[in-house]
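Data first, discussion second: the structure below is written as structure tokens.
The values are calculated or read from the model by the stated rules, or taken from the named source; none is laboratory data. Everything numeric in this text was worked out from a predicted model, so none of it was measured. Here the Cβ positions follow ideal geometry from the backbone for every residue, glycine too, while neighbour counts run over all protein chains shown. Side chains are part of the model used for accessible areas, which takes the heavy atoms of the whole protein and leaves out ligands, DNA and RNA. Shrake-Rupley method; radii C 1.70, N 1.55, O 1.52, S 1.80 Å.
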Amino acid sequence: MDQHCAVIYFSQSHHTETVAKHIQALAGGQLVRIQAMQPYPSDYRALVERVKQEIAEGVFPPVEQPDCDFNSCDIFYVGSPNWCGQIAPPLAGFLKSLDLAGKTVAPFVTHGGGSGKAAEEIPTLCPGATVTELLEVHGDGGESVDEEITAWRHRNQL
Ligand SMILES: Cc1cc2nc3c(=O)[nH]c(=O)nc-3n(C[C@H](O)[C@H](O)[C@H](O)COP(=O)(O)O)c2cc1C
């Protein structure tokens, strides 16, 4: 098991969290949840409205600083829901704040129909990092999620 990895994720309704926990169970390392200081509303319409506004204005909402020794990590599994075609703004802002040059970033996205622009967006947030193929998971991945993760890790030599 690789001890030098972190599984960093944002999750509003637990799909991405479920996948993150499966990845950690298979890959090891530290599980790191990113949370906005101002929580998102539970009401779906209000949530969509706030997310659309943040995306339109290019806002990265401040996040609670996680307690994690990122310097010791070589591989960063990074997970987000697809929110309106993009990764969640708090995770995008957190990624931008890390210096991941020379590290490996293995992104995963959960979605309700497609992963949007995540595959293009994530490399721009991690300059100098090697970004692997995006793992795209519908919902929480269901029963086949471990198989999908294992095949993805194998294809990308993680
Ligand atoms: C604000 C919002 C926007 C969403 N936009 C999309 C989208 O554009 N495309 C899509 O396939 N799913 C979209 N979804 C569905 C989520 O990506 C999907 O349910 C995801 O697995 C949720 O992850 P979570 O449970 O970790 O928060 C959206 C959900 C929310 C709440």
* Structure fact -> Taking the stretch 110-129 and the residues there that are under 21 Å from S72 (Cβ atoms) and touching a Gly at 6+ places or on another chain (Cβ under 8 Å), the one that is nearest to the ligand (Cβ to nearest atom) would be A129
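Please tell me if L158 is more than 16 Å from the ligand (Cβ to nearest atom) and either under 16 Å from A25 (Cα atoms) or modelled with pLDDT under 95 (or both).
On the way: more than 16 Å from the ligand (Cβ to nearest atom): yes; either under 16 Å from A25 (Cα atoms) or modelled with pLDDT under 95 (or both): yes.
For L158, the condition - more than 16 Å from the ligand (Cβ to nearest atom) and either under 16 Å from A25 (Cα atoms) or modelled with pLDDT under 95 (or both) - is met.
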* Among what's in the stretch 137-158 and is assigned to a loop (DSSP other than H, G, I, E, B) and on the phi > 0 side of the Ramachandran plot, pick the residue that is surrounded by the most Cβ atoms within 10 Å (Cβ to Cβ). => G141
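If only one of Q12, Q65 is polar (S, T, N, Q) and either more than 10 Å from the ligand (Cβ to nearest atom) or under 16 Å from T104 (Cβ atoms) (or both), which one is it? First the steps, then the outcome.
Numbers: Q12 fails: either more than 10 Å from the ligand (Cβ to nearest atom) or under 16 Å from T104 (Cβ atoms) (or both).
Testing whether each residue is polar (S, T, N, Q) and either more than 10 Å from the ligand (Cβ to nearest atom) or under 16 Å from T104 (Cβ atoms) (or both) leaves just Q65.
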* Structure fact -> The condition of being in contact (Cβ under 8 Å) with a residue 24 or more places away in the chain and within 13 Å of the ligand (Cβ to nearest atom) holds, among A20, A46, A27, only for A20
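Of everything in the stretch 26-70, what is among the polar types (S, T, N, Q) and closer than 30 Å to E148 by Cβ? Give them in sequence order.
Of the stretch 26-70, the ones among the polar types (S, T, N, Q) are 30, 35, 38, 42, 53, 65.
Q30, Q35, S42, listed by residue number.
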* To do: Provide a single number: the residues in the stretch 28-61 that are under 16 Å from the mean Cα position of the chain (by Cα), under 15 Å from G93 (Cα atoms) and not hydrophobic (A, V, I, L, M, F, W, C).
  => 3
* Restricting attention to the stretch 130-141, and to residues there that are without any contact (Cβ under 8 Å) to a residue 60 or more places away in the chain and within 12 Å of the ligand (Cβ to nearest atom), which single residue is farthest from the chain's Cα centre (by Cα)? -> H138
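Okay, residues lined up against (1) within 24 Å of A129 (Cα to Cα); (2) touching a residue at least 40 places away in the same chain (Cβ under 8 Å); (3) away from the ligand (no atom under 16 Å from the Cβ):
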{"position": "A6", "(1), (2), (3)": "yes, yes, yes"}
{"position": "V51", "(1), (2), (3)": "no, no, no"}
{"position": "G58", "(1), (2), (3)": "yes, no, yes"}
{"position": "P61", "(1), (2), (3)": "yes, no, no"}
{"position": "T104", "(1), (2), (3)": "yes, yes, yes"}
{"position": "F108", "(1), (2), (3)": "yes, yes, no"}
* Structure fact -> Among helices (runs of 4 or more DSSP H) completely within the stretch 22-136, the ones holding 3 or more residues that are open to solvent by 50 Å² or more (accessible area, probe 1.4 Å) and either hydrophobic (A, V, I, L, M, F, W, C) or at pLDDT 95 or above (or both) are 44-57, 118-125
